[in-house]
Amino acid sequence: MTTGLFLLILLLVAAIAPFLRKYLKHQAGWIYALWPFAGFLYYLSLLPVIQQGEILIESYEWIPVLGLSFTFYVDGLSVLFSLLVLGIGTFILVYAGYYMRPYPMKGRFLGYLLLFMTAMQGIVVSGNLITMFVFWELTSISSYLLIGYYHEKPEARASALQALLITGFGGLALLGGFVLLAIPYDSYELTTLLSDGDVIKNHYLYIPALILILIGAFTKSAQFPFHFWLPGAMTAPSPVSAYLHSATMVKAGVFLLARLNPVLGGTEVWSYSLTIVGVTTMFVGAWLSVTQVDLKRILAYTTVSALGTLVLLIGTGTEYAINAAIVFLLVHALYKGTLFMMAGNIEKKTGTRDIRYLGGLFKYMPFAAIIMILALVSMAGVPPMLGFLGKELIYEASVAAPKAHLFILTLGFLTNVILVFLSLRLAIDIFWGKEPVYDKKPQEPSLSLILGPFLMVLASFVLGLLPSAMAGPLTSKAITAISPLHDAIILKLWHGFNIVLALSVLTLLSGYLVFRYRHQLLPAIDRFNIRYFRREFTRVFFSMIDAFLVFTKLKTRALQHGYHRFYLMTLFVVASVMVWVMIWRADPIILELNFSDMPINLIAVVVLIIAATLSAVVSNSRVVALICMGVIGFGITIIFIAYSGVDLAITMIMVETLMIILAMAVVYHLPKYQNFSSTGARMRDALVATLVGTFFMVLVLQAGTSTLDAPISAYYKEASYSLAFGRNIVNVILVDFRALDTLGEITVISIAALGIYAMIKLTKKTN
Amino acid sequence: MLFLFAIMIGVLYGAAVYLLLRRNIFKLVLGLIFLGHATNMLLFVAGGLTNGKPAFIRGLQGETVGMSDPLPQALILTAIVIGLGVTAFALTLVYRFYKVTKTVDFDQLSENE
């Protein structure tokens with residue numbers, strides 16, 4: 001009950017947030033943060049229950065006919081993620097309420113942020129694949145709105161569109177993957193899926209489903225080669241970046257992989273694809289961050305790297321790796337949220353976030369500086385921050401990785417060296433480096449802006465100091481949720497002297513050395529990147545979009561050519577070919593040629609009609625064509641008479657006479673026939689005509705040789721005299737039984753007459 | 001007789017299709033008329049051919065055995081009348097079309113737009 005209700009109310013808060021903003025004034029952020037904070041406390045209170053190994057499941061029927069329901073599934077993994085989403089979300093709302101003061105449409109911004117929070121919280125508690133997909137798409141849409149918040153800037157619009165297209169594409173793939181995944185289970189429920197992962201693994205749909213789901217997860221979590229949308233997304237306001245990078249959106253892909261690990265994981269394909277993609281992303285992200293100068297862009301690339309690390313760890317799948325993944329997830333959420341919020345603060349106080357124009361800020365904002373430096377220490381993996389534990393575990397997992405551990409270890413080491421270097425560089429350059437001339441004196445950020453970062457760093461510090469007491473309960477059940485075979489390792493700050501500690505020390509030393517010689521190294525790396533990585537992914541992406549648009553334009557022009565006869569031809573050919581195929585497969589028609597039922601006079605009429613038809617078609621004279629039409633009309637009248645259609649014959653005589661007179665009157669005003677088409681075109685059209693004509697011929701033979709019941713007619717025959725007192729049954733049907741149809745017919749004729757009158761009489765004289 | 005009618009209906013549909021694919025707008029209307037004829041005959045033949053027994057009730061209680069099926073005839077009757085309306089409208093449209101555009105060629109029209 002509670003999880004669903006909580007989400008619903010969160011959604012309502014998001015909906016009314018924009019309208020209440022003007023009454024709540026500057027306190028809006030604080031007030032809106034109350035509900036997420038309540039949720040945070042609720043999930044915190046669930047921890048002891050979850051520790052017992054309990055799983056809370058709620059289900060609400062949605063479309064019972066299709067077997068769809070909103071199911072919520074709360075286990076250790078969900079609780080850990082919920083705490084991150086709602087806890088960091090609370091800080092973000094407080095921060096955003098203050099941060100966005102100078103900007104227009106603050107209310108709407110807070111609404112989007114709450115919507116984003118709802119979507120992400122929905123993903124992590126989903127117990128049904130379709131439920132999860134709905135929330136998944138909601139994160140794509142709300143992130144589009146948030147990234148493109150500064151919509152006057154073309155750059156922001158492009159980034160938002162790029163994020164939407166990439167994650168939207170991934171979302172589609174994910175939906176396909178979910179549908180395939182559900183086929184062997186005949187259920188979308190997570191409980192069914194988690195109960196037996198071997199069903200899908202032994203099914204032929206495993207590989208297609210896996211590929212599609214991985215595309216979904218990799219696009220969302222910005223894995224190489226889809227990583228480029230994430231650095232682009234830092235055009236969003238800082239609260240969004242902080243939230244998007246730490247707890248939401250990009251973590252959704254990681255969450256999905258963790259959630260489905262018991263179902264899909266453990267196979268060769270799974271571990272190879274995750275390992276390769278993860279390692280590549282981890283290194284590429286770190287490498288590209290080295291030469292950046294925009295503070296937020298540096299942080300964005302390190303997020304890419306961190307996401308790669310998480311994917312790699314889930315792919316590795318050993319006990320150490322899963323432990324490392326969960327701990328690192330927590331570590332990263334805490335320091336990345338802090339760093340982005342601090343980046344926003346620095347930009348706000350100094351007017352720039354280009355690190356070349358920042359320096360000496362320690363004396364202006366010592367408190368903020370200490371917070372940011374502690375977050376950077378966590379990023380560098382230095383004790384006693386939680387980051388140290390994360391890095392230790394990653395090294396342990398890499399050393400013990402079952403496959404290619406040397407390769408993973410090398411790239412992991414290089415990545416960590418880069419992180420240490422970046423931490424040193426950001427800390428020292430920004431807070432002590434050469435001081436530029438600031439427009440106005442930078443000040444300490446106010447409480448709303450600093451509260452979140454402070455508490456998150458504090459959490460990171462406490463969790464790092466007391467790992468087994470504090471971090472253990474948070475993470476242990478999440479770990480068993482990802483991988484039921486593995487236990488949580490008891491977290492310790494001090495592991496004794498071993499290879500991992502040696503690696504840590506070596507990392508710190510190397511990072512320091514890179515920092516020491518950065519003035520020599522950075523230009524070289526820059527030159528290297530310009531030479532080999534010149535093609536930016538963003539540009540490639542947009543040129544692909546452009547090419548796609550050109551292609552669709554060509555396709556539309558080819559299909560929508562504007563010639564009526566080719567539209568008709570398509571219709572005729574497709575329809576008749578399809579029916580021909582059906583005729584081909586049907587039973588053969590047995591035709592008895594009985595010449596005794598072919599009176600010579602009727603044969604003559606039919607021959608006459610055929611001859612008149614052919615000459616009407618080929619004639620070069622319009623008058624001859626019309627005379628032929630008359631012959632055909634009266635020929636048909638004779639057939640009606642011969643086969644008991646007396647009323648039809650009478651009507652036909654009148655209609656044909658009128659029609660010919662009318663046509664003659666029109667022909668008088670029209671020019672003579674001209675030769676418009678080439679012989680080739682005529683032959684082609686004749687071929688199409690033959691195809692359709694012969695198909696109808698076969699159809700008539702089919703219809704004529706099969707007998708059908710006529711229960712409706714039997715009733716009319718019975719009732720015509722007894723009920724309607726009419727002896728001519730056809731007339732009785734028209735004026736009595738189906739009188740409304742006849743009224744409709746009269747209406748049609750009247751409208752036609754009105755239209756004709758209008759066309760002839762009511763024409764405006766136009767020049 | 002069915003076989004002969006089948007050929008005739010096939011020819012009528014063929015003629016309709018061929019004329020509908022012309023560029024001359026007047027021929028298009030002829031094609032429309034042919035389409036109407038062909039479909040009426042298709043319904044008539046498919047409804048069963050009964051020689052010389054119209055659907056009339058004779059006598060007080062009436063003998064209905066062997067009588068032709070009235071329902072397809074009622075349908076065709078409606079179709080014939082509506083066909084007249086459509087054709088008359090189309091012919092007038094052609095007339096106006098020519099008055100306004102001074103051409104009966106569809107392709108000419110698309111180039112002049």
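Where a number appears in this text, it was derived from the coordinates with a stated rule and is not lab data. All values reported here derive from a predicted model rather than from experimental measurement. Using ideal geometry, Cβ is built from the backbone for each residue, glycine included, and neighbour counts are taken over all protein chains shown.
Under a 5 Å amide H cut-off, with hydrogens placed 1.01 Å from N, A:T71 pairs with A:Y60, A:G127, A:N128, A:T131 among residues at least 5 apart or on other chains. Counting only other chain Cβ atoms within 10 Å of each residue's Cβ, the peptide A:636-644 averages 6.
P(r) tail for region A:648-762: Cα pairs beyond 19 Å make up 74% of the total. Compared with the dominant principal axis of the Cα atoms in chain A, helix A:268-290 is inclined by about 60°.
Once the mean 1/r over all distinct Cα pairs of region A:82-239 is inverted, what Kirkwood radius in angstroms do you read off? Spell out each step's value before the answer.
Numbers: mean 1/r = 0.0593 Å⁻¹.
After inverting the mean inverse Cα-Cα distance, the result is 16.9 Å.
Per residue of chain B, the DSSP helices (runs of n ≥ 4 H) give a summed -39500 (n - 2.57) that works out to -24500 deg cm²/dmol at 222 nm. Axis angle, to the nearest 10 degrees, between helix B:2-20 and the longest C-alpha principal axis of chain B: 20 degrees.
The calculated FRET efficiency for the pair B:N51 and A:A686, based on their C-beta separation and a Förster distance of 35 Å, comes to about 0.50. Counting charges near A:P18 (Lys, Arg +1; Asp, Glu -1) among other residues having Cβ under 11 Å from its Cβ returns a value of +4. Semi-axis lengths, largest first, of the ellipsoid equivalent to region A:712-767 are 41, 8, 7 Å, with √(5λ) applied to each eigenvalue of the Cα gyration tensor.
So if I take the alpha carbon set of chain B, get Rg, then get Rh from the Kirkwood formula, what is the Rg over Rh ratio? Don't jump to the answer; show the numbers that get you there.
On the way: Rg = 19.4 Å, Rh = 16.6 Å.
My calculation puts Rg/Rh at 1.17.
Counting pairwise Cα distances across region A:601-673, what percent come out greater than 19 angstrom?
Details: 1042 of 2628 pairs.
Value for region A:601-673 (Cα pairs over 19 Å): 40 percent.
Taking Lys and Arg as +1 and Asp and Glu as -1, the other residues whose beta-carbon sits under 14 Å from that of A:V618 total +3. Sorted from longest to shortest, the spans of the Cα atoms of the protein assembly as shown along the three principal axes equal 114, 64, 57 Å. Taking the helices alone, chain A has a mean residue ellipticity at 222 nm of -25000 deg cm²/dmol, built from -39,500 (n - 2.57) per DSSP H run of at least 4 residues and averaged over all its residues.
Once the Cα atoms are used to define both axes, helix A:679-705 deviates from the longest principal axis of chain A by about 80 degrees.
Averaged over peptide B:40-47, the number of partner chain Cβ atoms lying within 10 Å of each residue's Cβ comes to 5.
Its Cα gyration tensor gives region A:268-516 an equivalent ellipsoid, and the semi-axes of that ellipsoid, as √(5λ) in whole Å with the largest first, are 32, 19, 15.
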